[in-house]
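**Q** Got a structure for you, questions after.
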């Protein structure tokens, strides 16, 4: 917690990132309670323990889940070292992300990241945080990149600097959410390029996005970063859409 946050709470009433109602002041509150009201927090679902690489939930066998790589990651290892997210996509988390992404509410990013980012099992020691970039025309239309807003908020937690100029989306792509799963890999294939190989080479990077669905976008971003010489890439998102 920042030393200034209690003072800011005293001056400005903190509001729920999901529904915008004022939050109670004072007391020892968790990061989730500092982001969501009680009603919204009840709709925030944390992910079940999953694959140590891609993070997908594993099917329990004989009442137990083995915390190793899943069969898909063993058969085709992804270009990222690990993938984690704070919540399942839905409920108040979905509302908060939409307010950030489409409502221009960049003030939502900080409390949302602090609530969603739980350091356990996520790793540490990154040299830089790389937000998934928007194409220039979408950036101009929206006015900001929600992944960049989240990355800056995450930088305040991890102390790793944000690198917005190392990765570029060179081709406009259709929104992944509007495509069937079978078309998502092809949609983003070749859409990204590394612009600062000298900065990427040998670095441990944390790739950040707001929502991950099939990992097609983060897979492609991690692939080009690794090909440019990144030592490792971890993926983190606020939420993931689960099947």
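The values are calculated or read from the model by the stated rules, or taken from the named source; none is laboratory data. Remember, predicted model here, so these are calculated numbers, not experimental data. All Cβ positions, even for glycine, are placed from backbone atoms using ideal geometry, and neighbour counts span all protein chains on display.
**Q** Residue check: is residue 177 within 16 Å of the chain's Cα centre (by Cα), modelled with pLDDT of 90 or more and over 18 Å from residue 79 (Cα atoms)?
**A** For residue 177, the condition - within 16 Å of the chain's Cα centre (by Cα), modelled with pLDDT of 90 or more and over 18 Å from residue 79 (Cα atoms) - is not met.
**Q** I'm trying to understand the selection: among the residues of the stretch 204-222, which are surrounded by fewer than 20 Cβ atoms within 10 Å (Cβ to Cβ) and modelled with pLDDT of 95 or more?
**A** The answer is 204, and nothing else.
**Q** Pick from the stretch 132-167 the residues that are more than 15 Å from the chain's Cα centre (by Cα) and not in a loop (DSSP other than H, G, I, E, B): which of them is nearest to residue 98 (Cα to Cα)?
**A** The selected residue is 142.
**Q** Any residue that is surrounded by 16 or more Cβ atoms within 10 Å (Cβ to Cβ), outside any loop (DSSP other than H, G, I, E, B), modelled with pLDDT of 65 or more and within 24 Å of the chain's Cα centre (by Cα) - is there at least one of those in the stretch 18-37?
**A** No.
**Q** From the list 86, 90, 68, which residue is on the phi > 0 side of the Ramachandran plot and either at pLDDT below 90 or within 15 Å of the chain's Cα centre (by Cα) (or both)?
**A** Working: 86 fails: on the phi > 0 side of the Ramachandran plot; 68 fails: on the phi > 0 side of the Ramachandran plot.
Unique residue meeting the criteria: 90.
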